[in-house]
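For reference, the structure discussed in these notes is given below.
The values are calculated or read from the model by the stated rules, or taken from the named source; none is laboratory data. Given the structure is predicted, the values throughout are model-derived calculations rather than measurements. Here the Cβ positions follow ideal geometry from the backbone for every residue, glycine too, while neighbour counts run over all protein chains shown. Calculation scope for accessible area: heavy atoms of the full protein, side chains included, ligands and nucleic acids excluded. Shrake-Rupley method; radii C 1.70, N 1.55, O 1.52, S 1.80 Å.
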Amino acid sequence: MGKKRKGGISDKVRNTKKSDEKKTNPFEIKVNRQKHDILGKKIAKYDKGRPGVARSRAIKKRKETLLIEYQNRGKANKFIDKRFGEHDTKMTLEDKMLKRFALERQKTQDKPSSFNLNEEEEELTHYGQSLSRIEKFEDPVDSDEDEEESGKISGDLVADEHFGGFLTKKSDEETNKSWKERMEELIVKSKKEKYERKTEKEKTLEMTEKLDEEWKSLRLLMGGSKHKDDAQAPAKKADDYDITVRELAFEIKGKPSDRLKTEEELAKEEKERLEKLEADRLRRMKGVFPDEEAEKKQVHFSADDLDDGFILNKEDEERFHVSYKDGQLLTPFGKDQSELEDTEEEKDKDDDDDDDDDDDDDEDGEEEENGEENSEEEESGGEDNHSDLESGDEEGGEEEEDVKEPSKQQQAKTDIVTDLKKRKKVMEEARKELPYTFPVPLTYEELVDMLEPYDADDQLTVIQRIRKCHHPSLAEGNKEKLETFFTVLLPYLGDLASQEEPMLKSINALISHLYELCQMSPIKAGQAVRDLMEEKQDEFSQYCQRKGGRGIFPKLDMVLYFKLVSLLFPTSDLKHPVVTPTMLFMGQILAKSPVQSNRDIFAGLFICTLFLEYISLSKRYVPEVINFLRGLLFLASKKDPNKLEDVVHPFKPVGKVDLLEIKGKTAKSVEIKPFTISQTFACKDLRQLSTDEFRVCATCQSLRLLQEFAVLYEDLPAYKEIFQPLRYICSKLPTEKYPEKVQKQVSDLIQQLEKKNQNTRNSLTMQKRPPPMLKMFEPKIEESFDGRKKRGGTREFRDKQRLLHKHKKEMKSAVRELRKDSQFLARQRLEERMSRDAERKRKVKEIYGMLASQEGEFKAMKRKKDKPVI
Amino acid sequence: MPSNTRKDVKFSNKNEIKSIKSKTKEFLCDRKNANCLVDIISLSESEEEEVILACIRAFYNIFSNLITHGSMYLERIPTTKDDVEDLSSEEQYRCWLRERYSDVSQRMLELITHQLSTVQELALCTLMKFVAAEGQNPLRKLSEKHLAFPAVLFEKLLLTLLSEEIELRPLIVRFQEFLEYDDVRYYAMKIAHKVLKEKPNHEQLDIYHGNVYALLEQLSLPATDEEKLINFMTKMPDTNASLKINTLRDQKKLFTSLWLEFLRKRLPTSLYKKVLVILHDKVMPYMTSPLLLSDFLTESYNIGGAVSLLALNGLFMLIHTYNLDYPDFYKKLYALFEPNVFHVKYRARFFHLADLFLTSTHLPAYLVAAFAKRLSRLALTVPPCGLLIILPFIYNLLIRHPSCRVLIHRPDTTKGEFTLLENTLQNHYHHEVAMWARKIEQPFPKLEFPLADVLDLTTDQMIEKEMKKKIKEVPVTFEAPYGLLGNKEHRLQDYWALE
């Protein structure tokens, strides 16, 4: 029956398909003609249209949706017909009824069907396997092994036991036994069987082995001689040719020399060395003395030891700081007191030398390691330089040793005491000594904690060591660590500078570290410096807001950061992520901060000098500096009390305007010196600065700076206009009071300013707009055409255009649809009305007809009545 | 044991508040408990904030109740002792209540100048509620023409607000919600005008002027064309009658005379500036004739500096919308273009207005050219944020007035001062300025550059913008420095030494 039905359905489907493929009437097709045929263009979707079909489809859709809505417009309830296939027009009534009947049946049958065993369609499974398959024993397993492994009981036992063994006979005995007894029996039985099987298997195994053995011996007898010949054949003698070939093959092609060590290896060695030293130091601190032998082997390596054994021996002789003998510290090497003092002196001297070295190093700028070496030298007592002293002493020491040997036993007791004392001493010394390895501080606080116990020089050594221990080639995360180290060092620099006595020397030495760290990872360093600038600038702008737009000149630390920027980054770039904001900040300071004290003048001059440095290569124009210097000269000039001078913000024509005016009668004898950072910025007592000497120096420096700027800007077309007000101010300076040098400077500057601009001003012409091109009729050929039209504008613009276009399209189509909807509804209403009217007409007609017939009948009757009965 | 005492105080406060509440209830329940009111009045002398607040609330409960029920209504107020004796006991009680009421009002007026803002506010609001209640249910019989507004109480209140000793600006701002009512506003203006006129014009009145300014600032007339005003807090007067209080025109008149009176006073500079800032926006539209301000504005414009800048706005309003004929306007505007203009607070406003003044295409070319030249000369001294205003400003002038383009296009002569300045800026240290300066060499666009964004630009914002830029690459110097002062080519060494 099912089959029959199936066939019926498929037939129907086929039939419907056929009916779908209606022959299209050519008159119903509207072709959208393409104006130009373009090669490679995608064929438009709407090249053909069937307006009739589309219209009827639209109407149908409206009938399904809009019409129903219209019909239900006053209704609140809805009747939903859920009968199966009620709205399916494709089904015949019979089919519908059948299906409905089936569904009804299914509903009642659904639940019990899961327990219906007769149902064949459902497959029973066990462990995911079909039961039918299992029953078929398609994959029989080896029962022996299976049983052994799984411990199952053999089949017949089971057959006997399960379900009472069905029809198998049982003796009365057995039936009388209790359940437990029977089970025990069963177990014993199965165990026995198992054992038997096992022994049998072993037996077979034994047998096979035996057989094999026998076979082997037999085989030997059978074909043994043949094999022996093969094995005992004498080796052929290699001829000369072969030997030479092999020799040639094995000959070394090029001898490797001692390989140059890579940076990583060097760094690794260095680290190892430091670690070793650290371990040593720790051991000494704890007071554990190494064996003498070990001590002898203990060799001190200099930081820049080349490992070529050159200094090594010498060092061996020289070093004495951690050698002990018989509990006797060998440091003095048996020198007498005077000699000791001598070395002490030398040491002092050496220290001085070291300092000098330091400076030299900075100037050399090559060997960063020197600093470390120096510090080590200091630790070890600066003995490097008196080998001559020691070479003699060495022998003496040895002699003494010899002499001491016999006395050793005698003085055993006293030795112990001294030994203890010495140990103590050594421990103390070791404590004083710097550790060799440090972790990288991750925050500024950590750094401060780490550096706090040491003095300034040692702090630098510590920094040096941190950098060495974490060379990027040593471990994976070291680069990141050093990057954070850079960010931590930055505030440290500021800290050094903002101390009461700025530690300029330390800063000076710190610069090279910062420089190298910056070189290592410029982006991170740049980010760090910029973050710092941002923070400082925030502070500044907040201060400005509080003070109503007036700023304050920065302290030494900030000024040094500005300098640092110029040291780390190239300042001549047009755009630089760090330098550009920094320069803006500097300009802002100069433009916003009123000069109120001598310290402000220093800071301002320093920034001006920095600006000079920043732009000395690029020659860019910085109006703020010119304004500031003009203001300073104004402060120095003679002022007419009745006239307000024309000055630019932040200078004011009234108020504290005599900061740089010479107070004394004359200041001719003043000697001009460059300012020193330590004196000027750290000066606590500002009155100390308000001397004529300072004023002359400041004026002189502004003049010099102006001169330099004037030279730099000589080529600017607006040179004259820029420096015009300065010429006027210069003429107002009380030159007669200045020393001759300054006087000359003033006159030089005026001369420079009056210099005619050499390059004549070019005539100006505006750039003409190119005439718009005429439209061409030739096809526009694109060289690489990818099938899409290229539109100009930015991405955002294009996106916006696209969306606008889409919106317009949607809007249009929505309006069209709405219009069609209303048309449809109007039509519908008209139809309804027509039908209503027609109905009415019909009814009226009917009634009329009825009435007419009634009337007719009535009349007929009447006539009948009236008619005289004849 | 400070904590202990505090606890005690708190405890006693609680008790007092409780008693105040219960007494209020008792008083309202039964007339016999009239003395409770006296107790509450005496309690209101307390120092504790909570107690005072509770007292004020109690007063409000009691008197609003009394007023709305007409329990204090008296046909006439007895003046002599005999009169008092004539009264019935009921009337005597009412008299007594009236006396207490005036006591309470007095106390509340004192509380307006209390140091705590919560107390101030509550006192003010409660008093205003009294005013409203009295206005709805007058305490005495009124003639037809008389308005129900309790002017006496309100005058006392306003005079307290316009204190000479204490700055009450926040409270006056709070007062603004009552000034929405037409009658309150009318009386406020009337009283303020009267007081202001009486005050001699001497200098010690800065705080007072500040308070008056705060009040004036809050005043705003409804922006309708309706002549009749209907938004009243108290009982509406007969709508048919045309009174001063309910006609917009009369209120405007009062408003104008009040402002003129105020502007006649000698104001401190900061206040003066504030006045100038709001003048065009909050005052002129409500005046009967804004031209009355022209004297004041002209004077201010002649003062110079920041004041001139601010006066500019009002003056422009007068010229533009009220046809004020102001000779030499552009000359004076030209004079305002000086370097310091870039450092004042109102820079954005100034340039916005300047842009507006120079928008007219009817301006003669020489005038516009003069401005352009002046600006380019200024460009040599101003900081970068100013330059970013100046350059688009000049370009806009040139775009707007093509006849000025001779400034930059003069093939026959050899000297064009103008562009040389621009050329100089092409070497400016900030790249954005340099970029803008370079635009002069390119053909001008047809549309003007938008100025609105750059007007407010500060150096801080510029720096922030630079800081926000993503770092893609950081070039570094390739020469290792020898120390802090750098290498030989670093110029710092010539001028500074370490130690």
Accessible surface, 1.4 Å probe, highest first, among residues B:Phe11, A:Phe553, A:Phe777, A:Phe250:
A:Phe777, A:Phe250, B:Phe11, A:Phe553
Around B:Tyr482, which amide H atoms from residues at least 5 apart in sequence, or from another chain, sit under 5 Å from its own amide H, with H modelled in the peptide plane?
B:Asn487
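Please compute the average number of Cβ atoms from other chains found within 10 Å of each residue's Cβ in peptide B:455-466.
Details: counts 0, 0, 0, 4, 10, 10, 1, 6, 14, 6, 3, 14.
If you average over the peptide's residues, the count of other-chain Cβ atoms is 6.
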In the structure shown, of A:Lys656/A:Lys755; A:Lys639/A:Lys665; A:Lys60/A:Lys808; A:Lys639/A:Lys744; A:Lys673/A:Lys720, the pairs separated by more than 24 angstrom at the C-alpha atoms are A:Lys656/A:Lys755; A:Lys60/A:Lys808; A:Lys673/A:Lys720
Alpha-carbon gyration tensor eigenvalues x 5, square-rooted, for region B:337-491, Å:
34, 20, 15
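Just the number, please: Stokes-Einstein D of region A:565-629 in µm²/s, Kirkwood Rh from C-alpha pairs, 10 °C, 1.306 mPa s.
131 µm²/s
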Return the long-range amide H neighbours of A:Phe675 (sequence gap of 5 or more, or a different chain), with a cut-off of under 5 Å between placed amide H atoms.
B:Ala497
Relative contact order %, region B:337-491, counting alpha carbon pairs below 8 Å whose residues are six or more apart:
25 percent
Can you run phi through the Karplus equation (6.51, -1.76, 1.60; θ = phi - 60°) for region A:538-547 and list ³J(HN,Hα) in whole Hz, with x for Gly and Pro?
4, 4, 4, 5, 5, 4, 4, 5, 5, 9
Using only Cα atoms and rounding to the nearest 10 degrees, what angle (0 to 90) does helix B:2-29 make with the longest principal axis of chain B?
60 degrees
How large is the accessible surface of B:Thr269 in square angstrom, using a 1.4 angstrom probe and rounding to the nearest 10?
90 Å²
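Looking at region B:95-184, which trypsin sites (Lys or Arg not before Pro) are in a loop (DSSP not H, G, I, E or B) and have at most 11 other Cβ atoms within 10 Å?
Working: sites: B:Arg98, B:Arg100, B:Arg107, B:Lys129, B:Arg140, B:Lys141, B:Lys145, B:Lys156, B:Arg174; in loops: B:Lys141, B:Lys145.
Within region B:95-184, the qualifying trypsin sites (Lys or Arg not before Pro) (loop, at most 11 other Cβ atoms within 10 Å) are B:Lys141, B:Lys145.
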What list of ³J(HN,Hα) couplings, whole Hz, do you get for region A:56-66 from phi and the Karplus terms 6.51, -1.76, 1.60, once you set θ to phi - 60° and write x for glycine and proline?
5, 5, 5, 5, 4, 4, 5, 4, 6, 10, 5
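What does the net charge come to around A:Leu482 if you take all other residues with beta carbon closer than 11 Å to its beta carbon, with K and R at +1 and D and E at -1? Mind dumping the intermediate values first?
Numbers: positive: A:Arg467, A:Lys468, A:Lys479, A:Lys481, A:Lys524; negative: A:Glu480, A:Glu483, A:Glu516.
Combined, the nearby Lys, Arg, Asp and Glu give +2.
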Taking a ≥ b ≥ c as the square roots of the Cα gyration tensor eigenvalues, with a/c under 1.5 meaning rounded and otherwise prolate when a/b beats b/c, else oblate, which class fits region B:32-78?
prolate
Give me the Debye-computed log₁₀ of I(q)/I(0) at q = 0.12, 0.17, 0.23, 0.27 Å⁻¹ for region B:346-399, equal point scatterers on Cα only, no solvent, two decimals.
-0.25, -0.50, -0.91, -1.20
Just to be sure I understand the model, the point goes 7 Å from the Cα along the line to the Cβ. What's the resulting A:Leu266 to A:Ser747 distance in nm?
5.7 nm
Just the accessible area for B:Leu484, please: 1.4 Å probe, Å², rounded to the nearest 10?
0 Å²
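Translational diffusion coefficient of region A:461-555 at 25 °C, 0.890 mPa s, Stokes-Einstein with Kirkwood Rh over Cα pairs, in µm²/s as a whole number.
Working: Rh = 14.9 Å.
My calculation gives 164 µm²/s for D.
Go through B:Ser403, A:Ser597 and list them by solvent-accessible area, largest first, probe radius 1.4 Å. Could the numbers behind the result be given before it?
On the way: B:Ser403 70, A:Ser597 30 Å².
Solvent-accessible surface, decreasing: B:Ser403, A:Ser597.
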For B:Phe149, what charge total do you get from the other residues with a beta carbon under 11 Å from its beta carbon, if Lys and Arg give +1 and Asp and Glu give -1?
-2
Provide the solvent-accessible area of A:Glu671, counting protein heavy atoms only and rolling a 1.4 Å probe, rounded to the nearest 10 Å².
130 Å²
What's the percent breakdown of Cα-Cα distances in chain B across 20 Å bins, shortest bin first?
17, 34, 26, 17, 5, 0
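If you rank B:Trp436, A:Trp179 by how much accessible surface each has, with a 1.4 Å probe, what is the order from largest down? Can you show the working numbers first?
Values: B:Trp436 40, A:Trp179 160 Å².
Descending accessible area places them as A:Trp179, B:Trp436.
Net charge within 11 Å of A:Gly849 by Cβ-Cβ distance, Lys/Arg positive one each and Asp/Glu negative one each, not counting A:Gly849 itself? Please report the intermediate quantities before stating the final value.
Working: positive: A:Arg842, A:Lys843, A:Lys845; negative: A:Glu846, A:Glu855.
Combined, the nearby Lys, Arg, Asp and Glu give +1.
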